[in-house]
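For reference, the structure discussed in these notes is given below.
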Amino acid sequence: MSKYILHRLLLTIPTLFGAALLVFLLMRAVPGDVCEIRLFGTGLYADQEQLDQCRDKLGLNKPMPLQFWDFVSGYFTGDLGESMWTGKPVAEEIGLRFQLSMQLAIMATAVAVIIAIPLGIISAVKQNTWIDYLVRAFSIAGIAIPSFWLGIVIILGLLIITQAWFGIPWMPPIEYVSPFEDPMENLAQLIWPAVATGYRYSAVATRMTRSALLEVLREDYVRTARAKGLLEKVIINRHALKNSLLPVVTIIALEFAFLMGGLVVTEQVFNLNGLGKLFVEAVLQHDFTLTQQLVMLVVVIFVLTNLFIDIMYAWLDPRIRYS
Amino acid sequence: MPKLLEVEDLRTQFYTTEGVVKAVDGITYSVDEGETVAIVGESGCGKSVGAMSVLRLIPNPPGQIVGGQIRFQGRDLLTLDDAEIRKVRGHKIAMVFQEPMTSLNPVLSIGTQLTETMMHHLGTTQQEADRRAVELLGMVGIGEPERRLKQYPHHFSGGMRQRVMIALALSCEPRLIIADEPTTALDVTIQAQILELMRDLTKRMGVALIIITHNLGVVARYAERVIVMYAGKIVETGTSEQIYHNPRHPYTIGLLNSVPRMDLHRGKRLVPIEGQPPDLTRLPPGCAYRPRCRWAIADCDRAVPPLAEVADGQLSACLRRAELDASMRDAS
């Protein structure tokens, strides 16, 4: 197994190289660069000399292959470069946001799993009863409702309810506090966006759990388990659930990877400085170094997620063995 | 000797978009302690449904047991609540299914699947159950049982898996095992081994066995009594001897003529039964076998012929049972 993991990790090197080349070329294919935006963007006048100065400073006048070499060689020297816009080290820019995005993605995934697995099971076991219809309506609503809208409703709801019950309106804190400093404050801020995105994300997982479990419950080995006289609880939990989790694990994990960089609008609603927001800003500002590193980060997250999915497969299903 | 299992007028139906399927339509039979009984018939004649009904394993919906009694050790299984029927399943009555390839859970080890039943029904500890599981695997002829217990179903061949299923069925020392086409999915050479094994073990442990099959050839060697079913009804029952050498129902005769036999008519061609089994949602009036029967007479479609005794312990549901003796059969 460890040999397989090592093999897989080595195989990611070409993937990463390809991704690096692609994002490098794409960024440069788009007209304009960070210097033009900085000098002309505010409506001020700037001459060619200033532009050249700026480009020289940022290394944008160097030949393309050399620029690419600077980008890639950074991984061997541990230097990820500086943001072209702020001048701060990229590692620092990303580091702050990464913590928040990671935490939010984990919490949203936890919310999704807590909702999806039990509801999916109930829905499958009580197939075609009013409970099943209720669960399905609830999860369809989750797919239909955009999470930023749900986020706004949550904030408004909190304001109205706290006003009505306690007399003082309360809304989640706006400033990010690390969970290691003040866990309660941190939770008070992040639980709401986690619920808003987790609900949406649970919807697909609930339906997946339901349909996968329904399929497994028709299998011969479930009939065998019934014929053994086992409790229904044991039949579901021990015999059916493990067999039905493969597709559920896949979508939950892929969704997790997506959340790491894709929560642009929800971050906006809750005023969170996450990776999504940073991503949009970096692209709009033509901040080549920052965008490149962000893309590489997302690529690494997806690669690791896929590896995690494969390992989970082997853990859930003994027929799957890698060598 | 008291009857172990008495099935009386059992009726199981399925509600489909095509209409109501009377899969089992009023069957009555009994099984003695330690006896081996075969239930024989073509696919779709209701033999599996009848067996699954005994343990109430018919999925509902679409199926439902609509009438009758199933008395096991004097208690009617159809009146038990869920908790009580669970105490019978796997404990007093165990099942062996047709598909060994899919009847074991692929993600649980053989050991887990064997021991969980014993721990559930007998309250044994894990260690005791493990020890007993090793013993059971040895009994059903699986080598290196300690190592095999840790393995998963995909490490076993079809025949081996069926041996595991048999070990599983025997694990709680049941009084009755219902084997639903236990060898149909296996190679012919393995079939004989599995049947021998089941016969030896059930005889040794005094367990009664209901063996469901479409192969009359299987029956002769392993069963004491035979029940022949057609279109959800019993058409003939008797000892293996009687059914083999003196069948008194045209359907039984048809079945016998369609399997190769070593004991008579060497070199004779096999005669298949013409036509198809009837559509159970639209049974013709009278005898369901009439459209395929070469001995049918006008009276056959008037009413369903009842089972009546033709010899000591042999019952046939044919109006012409008295005429259907050997001379008439051979003339056909």
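The values are calculated or read from the model by the stated rules, or taken from the named source; none is laboratory data. As the structure is a prediction and not an experimental result, all values here were calculated from the model. Glycine gets a Cβ as well: all are built from the backbone with ideal geometry, and neighbour counts include every protein chain shown.
Just a few scattered comments:
- Unmet requirement for A:Val295, which otherwise passes all of (1) surrounded by fewer than 17 Cβ atoms within 10 Å (Cβ to Cβ); (2) part of a helix (DSSP H, G or I): (1)
Residues are listed down the side, and each one gets a yes or a no for (1) in a strand (DSSP E or B); (2) basic (Lys, Arg); (3) farther than 19 Å from A:Arg218 by Cα:
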residue	(1), (2), (3)
B:Thr28	yes, no, yes
B:Val31	yes, no, yes
B:Cys45	no, no, yes
B:Pro59	no, no, no
B:Gln69	yes, no, yes
B:Ala94	yes, no, yes
B:Met101	no, no, no
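- Segments classed as helices (runs of 4 or more DSSP H), wholly inside the stretch B:206-279, with at least 1 members that are polar (S, T, N, Q), within 18 Å of B:Thr36 (Cβ to Cβ) and modelled with pLDDT of 85 or more: B:240-245
- Residue in the stretch A:189-212 that is within 14 Å of chain B (Cβ to nearest Cβ), closer than 24 Å to A:Val248 by Cα and part of a helix (DSSP H, G or I) present: yes
- Some residue of the stretch B:32-52 being over 23 Å from B:Ala308 (Cα atoms) and touching a His at 6+ places or on another chain (Cβ under 8 Å): yes
- Scanning the stretch A:230-246 turns up no residue that is under 32 Å from the mean Cα position of the chain (by Cα), in a helix (DSSP H, G or I) and more than 14 Å from chain B (Cβ to nearest Cβ).
- Some residue of the stretch B:64-78 being farther than 15 Å from A:Lys228 by Cα, modelled with pLDDT of 85 or more and within 13 Å of another protein chain (Cβ to nearest Cβ): yes
- Residue among A:Ile106, A:Ile152, A:Ile161, A:Ile145 that is modelled with pLDDT of 85 or more and over 30 Å from A:Val295 (Cβ atoms): A:Ile161
- Within the stretch B:312-332, considering residues that are at pLDDT 80 or above and among the small types (Gly, Ala, Ser), the one surrounded by the most Cβ atoms within 10 Å (Cβ to Cβ): B:Ser316
- Neighbours by Cβ (under 8 Å, 6+ apart or cross-chain): first from the stretch A:274-285, within 18 Å of A:Leu26 (Cα to Cα); second buried (at least 23 other Cβ atoms within 10 Å of the Cβ) and of a type in the set (S, T, N, Q): A:Phe279/A:Thr291; A:Ala282/A:Ser83; A:Ala282/A:Thr291; A:Val283/A:Thr291
- A:Leu134 being under 26 Å from A:Leu100 (Cα atoms), not in a loop (DSSP other than H, G, I, E, B) and not charged (D, E, K, R): no
- Test: A:Val34 is more than 21 Å from A:Glu281 (Cα to Cα) and not small (Gly, Ala, Ser): no
- For B:Arg71, the criteria (1) touching a residue at least 24 places away in the same chain (Cβ under 8 Å); (2) touching a helix residue (DSSP H, G or I) at 6+ places or on another chain (Cβ under 8 Å); (3) buried (at least 21 other Cβ atoms within 10 Å of the Cβ) hold in every case but one, which is (3).
- Residues in the stretch A:213-229 that are of a type in the set (D, E, K, R) and not in a helix (DSSP H, G or I) were compared, and the one that is farthest from the other protein chains (Cβ to nearest Cβ) is A:Arg218.
- Taken together, the residues in the stretch B:94-137 that are farther than 20 Å from B:Pro153 by Cβ and at the interface with chain A (Cβ under 9 Å from one of its Cβ atoms) amount to 1.
- Here A:Leu66, A:Leu44, A:Leu51, A:Leu60 are screened, and the one residue that is among the hydrophobic types (A, V, I, L, M, F, W, C) and touching a Leu at 6+ places or on another chain (Cβ under 7 Å) is A:Leu51.
- The set of residues from the stretch B:202-233 being among the aromatic types (Phe, Trp, Tyr) and more than 30 Å from B:Leu283 (Cβ to Cβ) comprises just one member, B:Tyr222.
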